[in-house]
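One structure below.
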Amino acid sequence: MIKNIIFDFGDIFINLDKEAPFREMAKFGLNRMPLELEPILKNFEMGFMESDEFVNSLQQIFNSASKEQIIYAWNSMILDFPEERLDFIEKMKLENKYRLFLLSNTNDLHIEKVVENMGMERFQRFKNCFEKFYLSQEMKMRKPNSNIYEFVLKENGLKADETFFIDDTMENTVSASKLGIHCWNLKVGQENVLDILSHL
C-alpha cells in the first residue's frame, strides 16, 4: 500500500525546455557539449559551487559571453508552472491521504528563476504542499545516485515498498526502483502528473 509520494520538480510540475540553454550557448560558439562542462554542472547541482563560481567557470569556456548572457542562457530552460498543477498538489495536501515530498536536481540560479517566474506567493504555496522540499544543491547529493533516495527514506522513516516516486528521467526512476521504491517514469508531453492516482 502506497503511503508516501516523492515528486520530481522539473517537467513534472514546472515546464522545462532542456535544450534551450544549448541553443542559447550556440550563439557564443557551442556546437557540441564540451567535456569540461559536465563535471561543472554536476558540482553546481550538488552545491559544491556558488553561482558566481559556476558563471565564472562557464565564462572561461565561453569567453565571448558576458555573465548576464550566461545566466540568461542557463535559465532559459525554466518555463511556466501551470495553475492546474498547483491546484492539484494543493488538493492532495488538503486530502492528507499521502505523505508528500519533493526531490529535485536543481541549483541556486534555477530556483531564483523559478521564484521570479512564479512569484514568491505561488512558490510558497507550492513549497507548503510538501512535508520536505529537497533540493540537490542543499543536500550535496543528486539523482540518480542511490544515496539521495536512501537519505530521504531514512530521514523520514519511509519504507521503500510504501513509497512512490515520479520523475521524467529514466535513470532516476531505474535507480530508485533498485531500492524497492515504486516508480513512474513520466513521459513528458504524453503524460501528466494530474494522472498520478491511476498509477498508484
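The values are calculated or read from the model by the stated rules, or taken from the named source; none is laboratory data. In this text, all values refer to a predicted model and were calculated from it rather than measured experimentally. All Cβ positions, even for glycine, are placed from backbone atoms using ideal geometry, and neighbour counts span all protein chains on display. Accessible surface is based on the protein model in full, side chains and every heavy atom, while ligands, DNA and RNA are left aside. Shrake-Rupley method; radii C 1.70, N 1.55, O 1.52, S 1.80 Å.
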Any hit, region 114-137, residues being touching a Lys or Arg at 6+ places or on another chain (Cβ under 8 Å) and β-branched (Val, Ile, Thr): no
(1) over 16 Å from residue 15 (Cα atoms); (2) touching a residue at least 60 places away in the same chain (Cβ under 8 Å); (3) not charged (D, E, K, R) all hold for residue 173 apart from (2)
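Quick one: count up the residues across region 84-110 that are aliphatic (A, V, I, L, M) and without any contact (Cβ under 8 Å) to a residue 12 or more places away in the chain.
Taking region 84-110 and keeping what is aliphatic (A, V, I, L, M), we get 86, 89, 92, 94, 100, 102-103, 109.
Adding the requirement that they be without any contact (Cβ under 8 Å) to a residue 12 or more places away in the chain leaves 94.
Final tally of qualifying residues: 1.
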Scan the helices (runs of 4 or more DSSP H) fully inside region 42-98 and keep the ones with 2 or more residues being open to solvent by 30 Å² or more (accessible area, probe 1.4 Å) and under 15 Å from residue 112 (Cβ atoms). 67-75
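Out of the residues in region 17-50 meeting the condition of being in contact (Cβ under 8 Å) with a residue 60 or more places away in the chain and touching an Asp or Glu at 6+ places or on another chain (Cβ under 9 Å), tell me which one is farthest from residue 138 (Cα to Cα). Explain how you work it out, then say what you get.
So the first thing to find is which residues in region 17-50 are in contact (Cβ under 8 Å) with a residue 60 or more places away in the chain, and the list is 17, 42, 44-48.
Still in the list and also touching an Asp or Glu at 6+ places or on another chain (Cβ under 9 Å): 44, 47.
Details: 44: 10, 47: 6 Å.
Across region 17-50, the extreme among qualifying residues is 44.
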Which one of these does residue 200 not meet: (1) within 28 Å of residue 94 (Cβ to Cβ); (2) open to solvent by 60 Å² or more (accessible area, probe 1.4 Å); (3) at pLDDT 95 or above? (3)
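Counting only residues that are touching a Phe, Trp or Tyr at 6+ places or on another chain (Cβ under 8 Å) and touching a residue at least 24 places away in the same chain (Cβ under 8 Å), how many does region 111-126 have? Break it down into steps so the answer makes sense when it comes.
Going through region 111-126, the residues touching a Phe, Trp or Tyr at 6+ places or on another chain (Cβ under 8 Å) turn out to be 114-115, 117-118, 122, 126.
Subset that is touching a residue at least 24 places away in the same chain (Cβ under 8 Å): 114, 117-118, 122, 126.
Summing the residues that are touching a Phe, Trp or Tyr at 6+ places or on another chain (Cβ under 8 Å) and touching a residue at least 24 places away in the same chain (Cβ under 8 Å) in region 111-126 gives 5.
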Which residue pairs have Cβ atoms under 6 Å apart, sit 6 or more places apart or on different chains, and have a first residue in region 61-83 that is at pLDDT below 95 and a second that is open to solvent by less than 40 Å² (accessible area, probe 1.4 Å) and not in a helix (DSSP H, G or I)? 61/34
Quick check: anything in region 175-184 under 14 Å from the mean Cα position of the chain (by Cα), open to solvent by less than 50 Å² (accessible area, probe 1.4 Å) and closer than 29 Å to residue 48 by Cβ? no
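Is it the case that residue 38 is more than 16 Å from the chain's Cα centre (by Cα), of a type in the set (Asp, Glu), open to solvent by 90 Å² or more (accessible area, probe 1.4 Å) and farther than 16 Å from residue 110 by Cβ? Full working, then the answer.
Details: more than 16 Å from the chain's Cα centre (by Cα): yes; of a type in the set (Asp, Glu): yes; open to solvent by 90 Å² or more (accessible area, probe 1.4 Å): yes; farther than 16 Å from residue 110 by Cβ: yes.
For residue 38, the condition - more than 16 Å from the chain's Cα centre (by Cα), of a type in the set (Asp, Glu), open to solvent by 90 Å² or more (accessible area, probe 1.4 Å) and farther than 16 Å from residue 110 by Cβ - is met.
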